[in-house]
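For reference, the structure discussed in these notes is given below.
The values are calculated or read from the model by the stated rules, or taken from the named source; none is laboratory data. Remember, predicted model here, so these are calculated numbers, not experimental data. Note: ideal-geometry Cβ built from the backbone for every residue, glycine included; neighbour counts use all protein chains shown. Ligands, DNA and RNA are stripped out before the accessible areas are found, and what is left, the full protein with its side chains, is counted by its heavy atoms. Shrake-Rupley method; radii C 1.70, N 1.55, O 1.52, S 1.80 Å.
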Amino acid sequence: MMRESKVERTTNETSIKLSLRLEGQGLSETGTGVPFLDHMLNLFSRHGLFNLTVAGKGDIEVDYHHTVEDVGICLGEAFRKALGDMKGITRYGNAVVPMIEALASVTVDVSARPHLVYNVSVKNEKIGKFDVELVEEFFRAFSQSSGVCVHVNMKYGTNAHHIIEAVFKAFGRAMSEAVRIDPRVQGVPSTKGVLG
């Protein structure tokens, strides 16, 4: 049985439609109005082997903040819905990914206990028109709406684009590992018998 979900979110600032398939082939189609975000979502999908479609409109004439945050919210909700009762999942995932001179790690716990640790320092404030600080906002929104504990750590790097690209690739691989079904797991992977 395919684990998949669809999420729609409409506010006075954004309108987002997103679909996610956990057992995918890394296929993506994204159009958020924020080109750098689309690029990162495509990397996340490809390296996590998730099928992902995102169509969004937002008040990008103000800035990209609302769109980036709301896509993070929608992606988190999509994972929460697609995972259902979370029975049989691996739960934890970790990936360390190099991108030229940059090295980033992402570790996740699909636990229904949201938390974000974000240790990424970049010199550039912008990549093109994209504010680098919005990456942290994306992950905070994702963590809160998904219930996933996310630790993002930059080991080293100098090029902002390379650093953020390594982060999103590692995020895809870590989430792929964490949501994978392990036939040895009976029920949910917790001694409490519940996640949360």
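Annotations
- Carbon plus sulfur fraction of accessible area for segment 86-159, probe 1.4 Å, in percent: 51
- Stretched out straight at 0.36 nm per residue, the stretch from GLN25 to VAL194 would grow longer than its current Cα-Cα span by 57.8 nm.
- Under the Debye formula (equal points on every Cα, no solvent term), log10 I(q)/I(0) of segment 4-44 at q = 0.13, 0.25, 0.27, 0.30 Å⁻¹: -0.31, -0.99, -1.07, -1.14
- Heavy atoms of ASP131: accessible area, 1.4 Å probe, square angstrom to 10: 40
- The THR90 and TYR156 beta-carbon pair, evaluated with R₀ = 22 Å, returns a calculated FRET efficiency of approximately 0.20.
- Relative contact order of the chain, pairs being alpha-carbon contacts under 8 Å that are 6 or more residues apart, as %: 26
- Count Lys and Arg as plus one, Asp and Glu as minus one, and take only other residues whose Cβ is under 10 Å from that of ALA78; the net charge is then +2.
- Per-pair calculated FRET efficiency, R0 = 30 Å: ARG180 and GLU13 via Cβ, rounded to 0.05: 0.30
- In segment 120-177, Rg over Rh equals 0.96, where Rg is the alpha-carbon radius of gyration and Rh the Kirkwood radius from pairwise Cα distances.
- Estimated translational D of the chain in µm²/s (Stokes, Kirkwood radius over Cα pairs; 10 °C; 1.306 mPa s): 96
- Cα gyration tensor of segment 25-128 - equivalent ellipsoid semi-axes, whole Å, descending: 24, 19, 15
- For segment 99-144, the direction-averaged projected area of the alpha-carbon convex hull comes to 4.0 nm².
- Farthest toward the positive end of the dipole of segment 18-154, out of ASN124, CYS74, MET86, is the Cα of MET86, where the dipole comes from beta carbon charges about the Cα centre.
- Around LEU195: net Lys/Arg minus Asp/Glu count, Cβ-Cβ under 13 Å: +3
- Cα-based helix-to-principal-axis angle, 65-83 vs the chain, degrees rounded to 10: 10
- Pairs with C-alpha atoms separated by more than 28 Å, drawn from the list LYS81/LYS123; LYS81/LYS192; LYS17/LYS126; LYS81/LYS169; LYS81/LYS155, are LYS81/LYS123; LYS81/LYS155.
- In sequence order, calculated HN-Hα J values of segment 110-120 (Karplus, 6.51, -1.76, 1.60; Hz; x Gly/Pro): 7, 10, 6, 10, x, 6, 10, 10, 10, 10, 10
- For segment 164-172, backbone phi angles converted through the Karplus equation (6.51, -1.76, 1.60; θ = phi - 60°) give residue-by-residue couplings of 5, 5, 4, 4, 5, 5, 5, 4, x Hz, Gly and Pro being listed as x.
- Counting only heavy atoms of the protein chains and using a 1.4 Å probe, ARG173 has close to 130 Å² of accessible surface.
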